[in-house]
Amino acid sequence: TLPHESLVSRLSYLFIALFDEQEDINVFSSNIKVHVAATGNSYNADVSIIRGEPDYLQLPSGHLSTVEITNPVLVVE
């Protein structure tokens, strides 16, 4: 819905502004999935934040996913 998208946009903006000077903090939108090892499922959170380099999910083929992270420090849904 429009109110939901407006809220997500505002939250993303606030997090980006808050962590702007911290080079090791990255804010991502829902295009990056968060993988939950305990369930084996991946979710498109509205906003996710990682510290440092992203840890990408290792796929059954042995390759690393480029769209699924395993190390968020904050997930907003």
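The values are calculated or read from the model by the stated rules, or taken from the named source; none is laboratory data. Computed from a prediction, not measured in an experiment: that's the story for all the values here. Note that each Cβ is placed from the backbone with ideal geometry, even for glycine, and that neighbours are counted across all protein chains shown. Keep in mind that these areas ignore ligands, DNA and RNA; they rest on the heavy atoms of the full protein, side chains included. Shrake-Rupley method; radii C 1.70, N 1.55, O 1.52, S 1.80 Å.
Over the chain, all Cα pairs binned in 10 Å intervals from 0 give whole-percent P(r) values of 19, 48, 27, 7, 0, listed from short to long. Rounded to the nearest 500, the helix-only mean residue ellipticity at 222 nm of the chain stands at -7500 deg cm²/dmol, with each DSSP H run of n ≥ 4 adding -39,500 (n - 2.57).
The simple spin-label model puts a point 7 Å past each Cα toward its Cβ; for Arg51 and Asn31 those points are separated by 2.7 nm.
Using a 1.4 Å probe on the protein heavy atoms, what percent of the accessible area of the chain belongs to carbon and sulfur? Carbon-and-sulfur percentage of accessible area, whole number: 56.
Karplus-derived 3J(HN,Hα) values for the stretch 45-60, using 6.51 cos²θ - 1.76 cosθ + 1.60 with θ = phi - 60°, are 5, 4, 9, 9, 10, 10, 10, x, 6, x, 9, 8, 5, 8, 7, x Hz; glycine and proline are entered as x. The residues of the chain have, on average, 71 Å² of accessible surface per residue, using a 1.4 Å probe with all protein chains present. Charge tally for Tyr56 (other residues, Cβ to Cβ under 14 Å; Lys, Arg +1; Asp, Glu -1): -2.
Here's how it looks for Asp55: its modeled amide H is under 5 Å from those of Thr70, Asn71, which are all 5 or more places away or on a different chain. Between Val8, Asn41, Gln58, the Cα set farthest toward the positive side of the dipole of the chain (charges on each charged residue's Cβ, about the Cα centre) is that of Asn41. Note: relative contact order over the chain, using C-alpha pairs below 8 Å and six or more positions apart, is 27 percent.
Solvent-accessible surface of protein heavy atoms, probed at 1.4 angstrom with all chains present, puts Arg10, Arg51 in the order Arg10, Arg51, largest first. Remark: spin-label model distance Leu7-Gln58 equals 3.8 nm, labels positioned 7 Å along the Cα→Cβ axis.
Nearest 20 debye, what's the magnitude of the dipole of the chain about its Cα centre given +1 on Lys and Arg Cβ and -1 on Asp and Glu Cβ? Don't skip to the answer; put the middle values down first.
On the way: 3 positive and 10 negative charges, 50 e Å.
In debye, rounded to 20, the chain gives about 240.
Against the main long axis of the alpha-carbon atoms of the chain, helix 2-18 sits at an angle near 90°.
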